Amino acid sequence: MSQRLHADALRRLLQSEHIETLSAPDLIRTFREDDGIAAFRPDGICQIDPRTGDRVLFNTSRARRPHDNRPPATPPSTFSPACAICRGDTTGILDVAALSEGFTFINKNLYPMLYPQETVIPHYLPENASEHIGAQAKPAYGLHFLQWTSSFHDRDWHNMPLADCVVVMQRLAALERRLLDLGPELLPGASGGAAYVSIIKNQGGLVGGSLAHGHQQIAFGSVMPGRVQDNRRFEQEQGEPFSAYLLRENPAEFAVSDYGPAVLLVPYFMRRPYDMMLLLKASNRRHLFELDEDELAAVARGWRDATAAIRRIMPQLGRELAYNVIVHNGPGAGLYFEFLPYTQETGGFEHLGLYVCQGNPAEAAIHLQQVLAQPRGEITR
């Protein structure tokens with residue numbers, strides 16, 4: 001029997017079956033009343049790099065995460081402790097939906113990057129030491145969630161039936177919508193009512209994935225991510241969202257797979273071998289919850305195909321499995337997704353903004369097309 005979170009553990013952890021039923025006070029209370037989360041709350045401030053506008057959130061307590069620290073001299077690939085999620089050693093569950101086998105669920109991040117702080121002065125500074133924070137500092141206030149793709153430990157987007165992937169995407173969209181609907185209540189101090197839902201996936205210790213059990217991270221707060229600012233500026237300067245621009249300008253032969261409402265492609269400016277983007281053809285879309293049934297299915301299929309291809313290609317390259325998925329939503333984006341496999345290290349030139357890519361987009365697109373054309377018995381179409 002595969003390792004998994006069982007139904008009895010689910011019942012013990014369940015605080016809500018559907019995220020749509022929770023009010024803003026309910027959500028804030030579930031975070032503040034969780035002693036485990038409070039012990040790892042972030043510092044509560046955001047600094048901004050004046051050169052780039054990059055936001056920096058501080059959370060010194062995250063360095064104490066037990067699954068980040070392997071025994072000395074233990075290679076990452078051989079370090080596999082018992083899964084805390086499968087054991088039920090996790091936070092309260094706020095949303096659950098049945099899959100063909102098992103279930104997908106959303107809970108609170110035990111080690112949050114954002115937290116509903118009652119004070120914006122970091123706990124390690126005296127209350128009267130606000131001058132030490134810096135003139136450009138902003139309070140970092142919000143909520144941080146995890147969506148577990150499946151209760152089964154060894155199942156994720158790449159090896160689940162498409163119908164199950166659609167359910168996972170639907171629940172992710174439901175969380176996005178609920179947070180934005182409750183934004184003014186959840187973030188009463190936000191400037192101009194600004195609120196941002198940031199959705200990412202880290203797979204593998206080399207790129208920030210601290211747990212092997214497949215999951216997505218969802219952060220909600222008033223701090224604008226740098227890429228949201230970039231997408232917004234692009235739309236203002238170019239007169240169209242980035243996704244519309246790339247759909248028109250990217251060479252047709254760099255397309256990996258067309259799903260009707262969406263297309264998976266290798267961008268002509270590929271920074272690292274096998275970088276991919278999944279673009280909605282309807283560039284007026286801004287959020288997951290705006291997608292219709294066909295668009296949602298296309299996105300789920302593209303996400304599944306991209307991650308399945310990465311998992312097949314990286315071993316061929318002699319690389320440890322590691323990749324990030326970034327959801328670009330909000331103003332200026334046109335809604336698109338980036339799939340970023342860790343196929344090449346980052347060097348000093350890259351930190352200067354000068355990327356040296358050990359591949360080219362034409363060959364990467366051809367190889368990805370070939371990989372996706374191969375039989376995949378682990379996937380049920």
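The table that follows gives values for the structure above.
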quantity	calculated
Span from the segment 23-55 Cα centroid across to the segment 281-340 one, whole angstrom	26
Of the GluC sites (Glu not before Pro) in segment 311-347, those whose Cβ has at most 16 other Cβ within 10 Å and which sit in DSSP loop	320, 345
Charge dipole (the chain, unit charges on Cβ, about Cα centre) - positive-most of 308, 107, 210	210
C-alpha center-to-center spacing [segment 1-19, segment 222-270] in angstrom	37
Rounded to whole Hz, the Karplus (6.51, -1.76, 1.60) HN-Hα couplings of segment 342-354, x for glycine and proline	8, 8, 7, 5, 9, x, x, 4, 4, 6, 8, x, 10
Charge context of residue 179, other residues only, Cβ under 12 angstrom, K/R +1, D/E -1	-3
Per-residue Cβ neighbour rank within 10 angstrom, fewest leading, 223, 56	56, 223
Hits among lysines - C-alpha to C-alpha of residue 138 under 25 Å, sequence gap 8 or more where chains match	108
Solvent-free Debye scattering, log10 I(q)/I(0), computed from the Cα coordinates of segment 218-284 at q = 0.24, 0.26 Å⁻¹	-1.12, -1.18
Unpaired by the 4.7 Å Cβ criterion, cysteines found in the chain	46, 165, 357
Contact order normalised by residue count of the chain, Cα under 8 Å, 6+ apart, percent	17
Within-14-Å neighbourhood charge of residue 272 [Cβ basis; K, R +1; D, E -1]	-3
Burial order of peptide ranges 91-100, 304-313, 279-288, 351-360 (average beta-carbon count within 10 Å, highest first)	304-313, 279-288, 91-100, 351-360
Assigned charges on the beta-carbon of Lys, Arg, Asp, Glu; the chain dipole about Cα centre (debye)	620
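Coordinate-derived values only; no laboratory data. Quick caveat: nothing in here was measured; it's all calculated off a predicted structure. In this analysis, Cβ positions are derived from the backbone assuming ideal geometry, glycine residues included, and neighbour counts consider all displayed protein chains.
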